[in-house]
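The values are calculated or read from the model by the stated rules, or taken from the named source; none is laboratory data. The shown structure was predicted, so the numbers you read here are calculated from the model rather than taken from an experiment. FYI the Cβ positions are ideal-geometry reconstructions off the backbone, even for glycines, and counts take in every protein chain you see. In case anyone asks, the SASA skips ligands and DNA or RNA and just uses the protein heavy atoms, side chains included. Shrake-Rupley method; radii C 1.70, N 1.55, O 1.52, S 1.80 Å.
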Amino acid sequence: MPIPIKDDPMVDYDPSSPQVMNAFYRRLFPYRPFFLWLNQDHAPAKLFTHREFAFTLAGDVYIRYNSFHSADDFKKELLRLNPSRFEIGPQYSARPRDRKTLAAGALQPQRRELVFDIDMTDYDEIRTCCTDKKICKRCWGYIAAAVKVLDQTLRETFGFKHLLWVYSGRRGIHCWISDSQALDLNDDQRKAIVTFLEVIKGSKEQMKKVNVRGSNGEAPLHPFLEDTLQTLKFDFARVCLEEQDCFRSERGWETLLSLLPQDRDITGTLRNLWQSDPGRSSSDKWHDLQSRVAPLEDSDQHKTFRRYQRAMQDIILQYTYPRIDSEVSKHRNHLLKSPFCIHPGTGRVCIPVNPSLVDEFDPDTVPTVGELLSQLDHLPSEEEQKGRKIEDYEHTSLKPYVEMFEKHVAAILRDTRALKVKEESMEF
Amino acid sequence: MFKPSTRHNIPAGSSSAALEVKLNKRHFSFGEQEQSSRYRHRLNFYSKPPSLDITIDEFESFAIARLRVLSYIESLSHRSLPYQQFSSTVATYLKQHLPLASNTARNVDLEAERRKDEIGHWVLRLAFCRSPDLRARFVRSEVALFKHRFETDDFVERAEFLRSLKFDWELVDETEKMSSASQLRTCLGQGKEDTFKVESWFKVPWWTVPDLVGSRRVFIKGGMAYVPQSLQLSLVLQAFAARLERALEITAKNLPRLDEDERLGPVIEHLAASFLSGIGTSDFQPSENNAAVTAEMVDDVARKHFPPCMRNLYDRLKRDSHLKHFGRLQLGLFLKGIGLPLDEAIVFWRKMYGSTMSDDKFNKEYKYNIRHGYGQEGKRTNYPPRSCQQILTQNQPGTQDTHGCPFRHFSPETLSSFLLSTYPTLDRSSNDLKEIMDSVKNSHYHLSCTRVFELTHGIKKGEGLGSGESVTHPNKWTERSRDLEK
């Protein structure tokens, strides 16, 4: 039975309330593009029907291995179960829902979008504005830098085209790559690309987390890191030196000094200088460092210069290079929260993010389920609407995001269609 | 039954130095005639199943010989030996159990050797196609074996063999080489101008050479990896592995329909089983004579008998009332190994999380995992405690993690201060600490750990856990330590 939200003054659109979620799934969730995005075709294919969906219900009940015959089938079940969120897995060798009737080992993950997950937690040691679950526009700078670099590398180096960046609803971002080559990657190949991309390594107990210059620490950077560094230089200046002011506190600049070659002439004098002037900003400190290193270049201390230059590049990488959660990307059977879910804690919709505008993105302006539903309360009545049937979402601030998603999906479909035509013509 | 010699099979042109391995389709001559022998090359991609008569005895003994070699290679590869040593050890072992001589070898029955090699391979395929896990391990060991043989193969014969495989790799032309010169040169390493000039590259989709991608040894652009000739081996191995994997999957699918001779079934079953049991060597088997540990006792045992990795986790847990997932796993399974029963484990963890966690949260989110570790949930596997090798190589700790091996995953400064504060008997200024840190620098983590054991237990250097055995499992440390106390 539909719940008459409009007439019920008691509903305060709390995302943890089942009525609110139900209204969202009933009226706003973009089923059509969602189905096409996963299925990559109009008729239900294995990419959808053999795909695992996992639902989280109220009270932390977790149901895995759901699968559906069609988009309608999916919608019906979503409305019935009314999950607080749901996750998407791979296409299996059989329908996941039939797994109990299958022989042991017959349910194997086969195809899956290549996914990446970047989470603010991994930045906790280098952000100064917020901690724990909080996120603000300032710490988003780290995520923005990460998105730019990863997007550039995935496109230019690896040649992927269909990247969908999705805000995770609180303090992270996901990337879904739908190119057919990406879907076909096996776990070893996924692991290879992750190892290639992973630069920040080492546990809490390790200061220096960037080791990308071979075993002697002097090999030249891989060309892709050289390119990356050019992009990150600016983000480092803006995010770490200005916004976060990473080296203002004593702990901050001591970390900086510990990452440099230990040389009394330079680090020693810097330590003295900074101790005597506690208010010195990060930009000033970075400048102090640069002005002491630069003169060495043309002197007989060229070797020392090179060592410092490498260390400074590594610092830029350590502070701004994407910190990806590698486990998520390595295995096809890893589940990842779906786009357009509602984050149960914040009520924000997991909307697509345009990577070229990621600097302007502000997590605080992302529509919440509450806002969307109250926008629906002020709908023009049926008589006022003329012409074609207008979908509910078009009356809300969700509209631009759904449109962005549809555009992304249309591009994928164009490519799969072209691929199919090619395959068919090869058969004759 | 065997031809006495196959020496007449040496390719006629082999002496006329076809020294460059050029793999371009156009260069192949298709006129080569199938020679009388099945085995023209020492190396084999095993693409066509043999159709010949063999005795049931050969069926089994050839397979066992090969199985022995594969298990040996597998266990060697877990011991992180320097590559040179690995290679020479394998060579000696192979010579004894599965020799395979080059075409130019004298006084060797090449046909017999190669026949044995081929049959062994095909029988093992039947045994190992059954589960994805077995398939993966089989492919891994077969690839290692093939790699070893490929590297030791005669230069000319290898070129000949590669040509017979007719790979279709795209060669990077000179204009493209020049336009990406600086990137290509960087990835080539050791930047000698001459090497760069004579080197040529193949262009292949990046996912066909995952190992080179993972180690950032190739330049990649637009999804294509630029593989220099010098790294051609990767391409060949990848092709070998990919073909074998595909073939095994097909075999697996058809296996139930195979009209299997009932004499062969048991043999095949037995082969698969013995491969599986072969790896158990570094696993820890709890001995019966150690008394059970209760939740109360853990603290005391920890202070006296925990190895550094577990001390670190335990101290962290005490301090933070929390551990991240892999930390819980590493410590939890270890505690199981020292004899902490399931119900005591639940008491222990509940106590350690303390008041920071509600009972409700604990029961919902943590109890399941503890029970899972004891084989009481999910697929009910009774997971063994992690060995050093697993701790060193699997699930590398991320930026917020505390699990892993202190010797490997701490920076040197943190490690030495951790050791000094944890084991008061260690002396900062002594030579011992320096020695420990030196072993760490050379990546001999187990030696460092063993040395710490010796020093903290007043044992003579070199004695280790008894008769020179080094620490290979955290539980072995604890077991020995508790024995010594008695």
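So here's what we get for this one:
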| quantity | calculated |
| --- | --- |
| Model label zone, B:Ala247; criterion: amide N under 13 Å from point 7 Å along Cα-to-beta-carbon; scope the stretch B:103-122 | B:117-122 |
| From phi via Karplus (6.51, -1.76, 1.60), per-residue ³J(HN,Hα) for the stretch A:361-370 in Hz, x at Gly/Pro | 4, 10, x, 6, 9, 5, x, 9, 4, x |
| Column: log10 I(q)/I(0), Debye, Cα scatterers of chain B, q = 0.09, 0.12, 0.14 Å⁻¹ | -0.84, -1.19, -1.33 |
| Chain A shape via C-alpha gyration tensor axes, a/c threshold 1.5 | prolate |
| Whole-Hz couplings from phi, Karplus 6.51/-1.76/1.60, listed for the stretch B:108-116; x for Gly and Pro | 10, 7, 4, 4, 5, 4, 6, 5, 4 |
| Three-way shape label, the stretch A:144-246, alpha-carbon gyration tensor, a/c 1.5 | oblate |
| For chain A, built as a Gaussian network whose Cα springs stay under 10 Å, the top-fluctuating residue of A:Arg85, A:Arg171, A:Arg414 | A:Arg414 |
| Intensity falloff of the stretch B:170-233 expressed as log10 I(q)/I(0), Debye formula with alpha-carbon point scatterers, at q = 0.14, 0.23 Å⁻¹ | -0.34, -0.96 |
| Accessible heavy-atom area order of B:Leu188, A:Leu413, highest first, probe of 1.4 Å | B:Leu188, A:Leu413 |
| B:Ile370 - accessible surface, heavy atoms, 1.4 Å probe, Å² rounded to 10 | 20 Å² |
| Whichever aspartates and glutamates have a C-alpha closer than 15 Å to that of A:Lys399, once near sequence neighbours (fewer than 8 apart) are set aside | A:Glu371, A:Glu391 |
| Table column - 3J(HN,Hα) (Hz), the stretch A:270-287, Karplus curve with 6.51, -1.76, 1.60, x for Gly and Pro | 4, 4, 4, 4, 6, 5, 7, 10, x, x, 4, 6, 4, 4, 4, 5, 4, 5 |
| B:Asp360 accessible area, assembled protein chains, probe 1.4 Å, Å² | 100 Å² |
| GNM result for chain A, Cα springs below 10 Å: residue of A:Asp288, A:Asp60, A:Asp227 fluctuating most strongly | A:Asp60 |
| Which of B:Ser411, A:Ser425 is most accessible, then next, and so on - probe 1.4 Å | A:Ser425, B:Ser411 |
| Gyration tensor (alpha-carbon) shape descriptor, the stretch B:320-379, a/c threshold 1.5 | prolate |
| Sites excluded, GluC sites (Glu not before Pro) in DSSP loops with at most 11 other C-beta within 10 Å, longest stretch of chain A | A:1-217 |
| Solvent exposure ordering (accessible area, 1.4 Å, most first) of B:Leu447, B:Leu255, A:Leu317 | B:Leu447, B:Leu255, A:Leu317 |
| C-alpha long axis of helix A:399-427 to longest principal axis of chain A, angle in ° | 80 degrees |
| Hull-based mean projected area of the protein assembly as shown, where the convex hull spans the alpha carbons, in square nanometres | 47.5 nm² |
| Length released on extending from A:Cys129 to A:Arg417, taking residue separation times 0.36 nm less the Cα-Cα span | 98.9 nm |
| The stretch A:204-320 - percent of accessible surface contributed by carbon and sulfur, probe 1.4 Å | 48 percent |
| Pairwise FRET efficiency - B:Ser417 versus A:Asn354, Cβ, R0 = 41 Å, nearest 0.05 | 0.30 |
| Heavy atoms of A:Cys246: accessible area, 1.4 Å probe, square angstrom to 10 | 10 Å² |
| Reach of B:Lys116 by Cα under 16 Å, taken over aspartates and glutamates that are not fewer than 8 positions away in the same chain | B:Asp53, B:Asp57, B:Glu58, B:Glu60, B:Glu142 |
| Whole-percent carbon and sulfur share, accessible surface of chain B, 1.4 Å | 51 percent |
| Residues of the stretch A:199-247 buried by at least 50 Å² on assembly (accessible area, 1.4 Å probe, chain alone as reference) | A:Ser203, A:Lys204, A:Glu205, A:His222, A:Pro223 |
| Part-to-part distance (alpha-carbon centres) for the stretch B:133-203 and the stretch B:426-486, which is given in Å | 43 Å |
| Accessible surface buried once A binds B (1.4 Å probe; total of both sides; Å²) | 2700 Å² |
| Residue pairs, from the table A:Lys208/B:Lys434; B:Lys324/B:Lys434; A:Lys204/B:Lys434; B:Lys441/B:Lys461, whose Cα atoms sit over 27 Å apart | B:Lys324/B:Lys434 |
| Neighbour-limited loop hits for chymotrypsin sites (Phe, Trp or Tyr not before Pro), the stretch B:55-134 (at most 14 other Cβ within 10 Å; DSSP other than H, G, I, E, B) | none |
| Per residue, in Å², the accessible surface of the protein assembly as shown once ligands and nucleic acids are set aside, probe 1.4 Å | 48 Å² |
